[in-house]
Amino acid sequence: MTETSSRTALITGASKGLGYAIADRLARRGTRLVLDARTPAELDAATARLIDRTDTVSVVGDITDPRHRKEIVAATKGRLDLLVLNASALGPTPLPPLAAADLDAFRGVLETNTVAALALVQLLLPELRAANGTVVFISSDAATTGYEGWGLYGASKAAADQLARVLAAEEPEIRVYAVDPGDMNTEMHAAADPETDPADLLDPAVAAMRLEPLLTGSLPSGRYAGGELR
């Protein structure tokens with residue numbers, strides 16, 4: 001641990017990819033971490049890599065489950081400075097055109113990427129208000145650009161972007177961001193676009209480094225792209 005901190009951060013989808021990279025970065029400052037993910041083995045492995053550097057609590061479950069959300073809130077112990085809403089569902093692969101999209105699958109994507117994110121914000125707002133904290137919605141360029149096949153995921157992220165904008169207007173004492181971190185070398189991107197060479201994609205650790213001004217609440221609330229934050 002390179003320095004100590006009294007701050008607490010909650011990161012959803014934290015067992016790998018960008019979520020883990022953000023947790024790793026915060027651990028260097030001694031930020032207390034509450035980590036969420038669906039897969040026990042992956043979350044246990046991530047926690048084991050971080051726990052020697054900072055106080056780290058892991059809560060296994062699906063953020064669409066109200067009981068799991070309550071467990072996450074309990075793990076913050078009444079203090080939360082940073083909420084990173086990183087957990088996401090891609091939907092069916094290969095990515096379907098809208099004409100063939102399964103509506104139940106769409107509901108599932110919305111439930112994870114939008115509804116559960118808002119539900120968690122609602123539960124944690126008292127803590128965030130008390131700390132003048134920060135909320136980061138991890139978004140995507142698919143929220144603003146019409147890529148073939150990305151309709152379900154993109155629509156869910158566009159809705160989350162709007163939640164971020166309205167939350168920022170309603171809660172001026174906290175920082176609220178939506179951020180497109182860029183195309184990263186992650187399992188989700190590989191599932192969505194298996195033809196892309198991973199070497200052409202951004203390392204999640206680099207993406208996390210670019211998000212530093214948002215993780216510290218140093219910029220005005222708004223929507224940002226990772227490339228703007230270098």
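No lab work stands behind these numbers, since they all come straight from the coordinates. Since this is a predicted model, take the numbers as computed values, not measurements. Cβ coordinates were reconstructed from backbone atoms using ideal geometry, including for glycine residues, and neighbour counts include every protein chain displayed.
Over all projection directions, the Cα-based convex hull of segment 81-230 averages an area of 8.7 nm².
Inter-part distance, segment 78-155 to segment 178-198, computed on C-alpha centroids, equals 16 Å. Using a simple spin-label model with pseudo-atoms 7 Å out from Cα toward Cβ, ALA100 and ARG67 lie 3.8 nm apart.
For the chain, the 222 nm mean residue ellipticity estimated from helices alone, with every DSSP H stretch of n ≥ 4 adding -39500 (n - 2.57) and the total spread over all residues, rounds to -12000 deg cm²/dmol. As a size descriptor, the averaged projected area of the C-alpha convex hull of segment 80-167 was calculated at 5.6 nm². Across the chain, the relative contact order, built from alpha-carbon pairs under 8 Å that are at least six residues apart, equals 18 percent.
Suppose R0 equals 41 Å; then what is the FRET efficiency for SER218 and ASP197 from their Cβ-Cβ distance, rounded to the nearest 0.05?
Values: r = 34 Å, r/R0 = 0.83.
E(calc), rounded to 0.05, equals 0.75.
Against the chain, whose longest principal axis is taken from its Cα atoms, helix 17-27 shows a tilt of about 10°. Distant-in-sequence amide contacts of GLY217, defined by a placed amide H-H separation under 5 Å and a gap of 5 or more residues or a different chain, comprise nothing. Charged side chains reduced to their Cβ positions (Lys and Arg at +1, Asp and Glu at -1) give segment 1-101 a dipole of some 260 debye around its Cα centre.
From most to least packed by mean Cβ count within 10 Å, the peptides 92-100, 165-173 give 165-173, 92-100.
Could you work out how far helix 151-170 tilts from the main Cα principal axis of the chain, as a 0 to 90 degree angle to the nearest 10? Long axis of 151-170 versus the principal axis of the chain: about 40 degrees. A P(r) calculated from all alpha carbon pairs of segment 1-123, with 5 Å bins opening at zero, reads 2, 11, 22, 21, 18, 11, 7, 4, 2, 1, 0 percent. For VAL34, the residues whose modelled amide H falls within less than 5 Å of its own, excluding neighbours fewer than 5 places apart on the same chain, are ALA9, LEU10, ILE11, VAL57.
May I ask for the angle, rounded to the nearest 10°, between helix 66-75 and the longest principal axis of the chain, with both axes built from Cα atoms and the value confined to 0 to 90°? Helix 66-75 sits roughly 30 degrees off the main axis of the chain.
Summarising the label geometry, the points placed 7 Å from Cα in the beta-carbon direction at LEU123 and ILE51 lie 2.2 nm from one another.
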